[in-house]
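Below: one structure, written as structure tokens.
Every number in this text was worked out from the coordinates using simple rules, so none of it is lab data. Source: prediction; values computed, not measured. Don't worry about glycine lacking a Cβ; one is built from the backbone with ideal geometry, like all the others, and counts go over all protein chains shown.
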Amino acid sequence: MTAHPAPSALPTPQATARVHEPRREDCPWCGSARLRNRLRTGDLRQYRPGSFTVDECRDCGHTFQNPRLTVEGLALYHRTVRGAPRDQVADALLASRSSRRRHRSAARAMRRFGEPESWLDVGTGHARFPATAREFFPYTAFDGLDPTPRVVRARTADRVEEAHVGRLTDPRVTTALRARYDVVSMLHHLEGTADPRAELRAALSVLRPGGHLLVETLNPSSAFAALLGRWWLAYDQPRHLHLLPPRNLRAELETLGCAIVVLDHRPVHVPHDLSGALALALSHTLPAPDTPWRAIPPPLAQQHLREALLRAGIPLVAAATVADHVLAPLARRTRLANTYRLIARKAG
């Protein structure tokens, strides 16, 4: 049974200004005041307390958490807590975004531009993407940037040559790395950042003239987002702060002087929408799990019942996974696609 902290020690996300910023009445991307609510939800994957709202701009389509978590709030919800429940099915489906096959696809997309001398992977984590990309670019020097010490361990494991701990928008980081790289990659990084526009500018500042920026990110225009609502796995509240429509990302980079050489969703659609939604919905239909932030743990019989029912639901999720893969060829070519890839060339 999980040891529970005193109720006063529980995080109360919306009761303190350090966790949430003030609510916005305008779009952080275009400034329009024409906002509509997309959903209100809790933390569906880790069951942490708090309620989160996602709004959409009616003018530009930018989708964002409102009110947004502060840096401290993000750290709180990313923090690993012993005894915290995990939705293993949803976690496995999300991990498919960073699978070796998807990493190979991203690296292969860059081969048409020749072998770069240097490459920075932003938000690299354990640097599994640079380790895979090295198969295609054996003479490229891969560096990694991440706000956590995981990148240091990745350097020890020889996945990257240089490990930089911090955020790309930190002036100390951009000054140290200015114009050092031929390629900068951001794979599922922008959605978790507080200011995607600042991230893009910082990425271009560390690129050499004529270098390439590789971005893969979630598509809020996916029809699955409207069909599945709060159960759409890509919303992943409260960890995802911004979802950028492809046209917005393209226009921003063109404004910054870049040429867009690739904008495509066919190679990067992740077939997990139906199975992810079913896994989340099933998990929240069952008796609530034991968590470190519950003042009173559920009875042991209820915990055993939940575990048994989750096991019984695995065949249903497996069937939904099959359906996802059967639909994948259609989804990749239609508005069902949930992810897109953009490659931009910095002006030379």
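For Arg150 and Arg108, the difference between the fully extended length at 0.36 nm per residue and the C-alpha to C-alpha distance is 12.6 nm. Note on the stretch 193-348: Kirkwood hydrodynamic radius from all Cα pairs is 18.1 Å, rounded to one decimal. Angle of helix 246-255 to the longest C-alpha principal axis of the chain, folded into 0 to 90 degrees and rounded to 10: 40°. Taking only C-alpha pairs under 8 Å that are 6+ residues apart, what is the relative contact order of the stretch 237-329 in percent? With pairs under 8 Å counted, the relative contact order is 34 percent. With the simple spin-label model, which puts each label point 7 Å out from Cα in the Cβ direction, the Arg101 to Thr285 separation comes to 2.8 nm. Of the residues Pro22, Gln302, Pro138, the one whose Cα sits farthest towards the positive end of the charge dipole of the chain is Pro138 (charges of +1 on Lys and Arg Cβ, -1 on Asp and Glu Cβ, taken about the Cα centre). Using the Stokes-Einstein relation with a Kirkwood hydrodynamic radius computed over Cα pairs, the translational diffusion coefficient of the stretch 103-153 at 4 °C and a viscosity of 1.567 mPa s comes to 116 µm²/s. Across all Cα pairs in the stretch 259-348, the calculated P(r) in 5 Å bins from zero up to the longest distance comes to 3, 13, 15, 13, 11, 10, 9, 9, 7, 5, 3, 1, 0, 0 percent per bin.
Helix 273-285 and the longest principal axis of the C-alpha atoms of the chain enclose an angle of approximately 30°. Taking the chain as a Gaussian network of alpha-carbon nodes connected by springs under 10 Å, the highest mean-square fluctuation of the residues Tyr181, Tyr47, Tyr139 belongs to Tyr139.
Each of the peptides 141-152, 291-302 was scored by the mean count of other Cβ atoms within 10 Å over its residues; in descending order, highest first, they stand as 141-152, 291-302. Cα-based values for the stretch 87-220, radius of gyration first and Dmax second, are 14.1, 44 Å.
Quarter the surface of the alpha carbon convex hull of the stretch 180-241 and you get the mean projected area, 4.7 square nanometres.
Using the Stokes-Einstein relation with a Kirkwood hydrodynamic radius computed over Cα pairs, the translational diffusion coefficient of the chain at 25 °C and a viscosity of 0.890 mPa s comes to 115 µm²/s.
Normalised by the number of residues in the chain, the average gap of Cα pairs under 8 Å and 6 or more apart makes the relative contact order 20 percent. Of Gly114, Gly31, Gly229, the residue with the greatest mean-square motion in the GNM of the chain, using alpha carbon springs below 10 Å, is Gly114.
Partnerless cysteines in the chain, where a partner means another cysteine C-beta under 4.7 angstrom, comprise Cys258.
If you take all other residues with their beta carbon under 10 Å from the beta carbon of Arg34, and give Lys and Arg +1 and Asp and Glu -1, the sum is -1.
With all pairs of separate Cα atoms included, the stretch 231-286 yields a Kirkwood hydrodynamic radius of 14.0 Å. Axis angle, to the nearest 10 degrees, between helix 300-332 and the longest C-alpha principal axis of the chain: 40 degrees.
Using the beta-carbon distance between Leu256 and His78 and R0 = 41 Å, what value does 1/(1 + (r/R0)^6) give for FRET efficiency, to the nearest 0.05? Once rounded, the FRET efficiency stands at 0.90. Measuring max minus min along each principal axis, the C-alpha atoms of the stretch 168-215 give extents of 26, 22, 13 Å (largest first).
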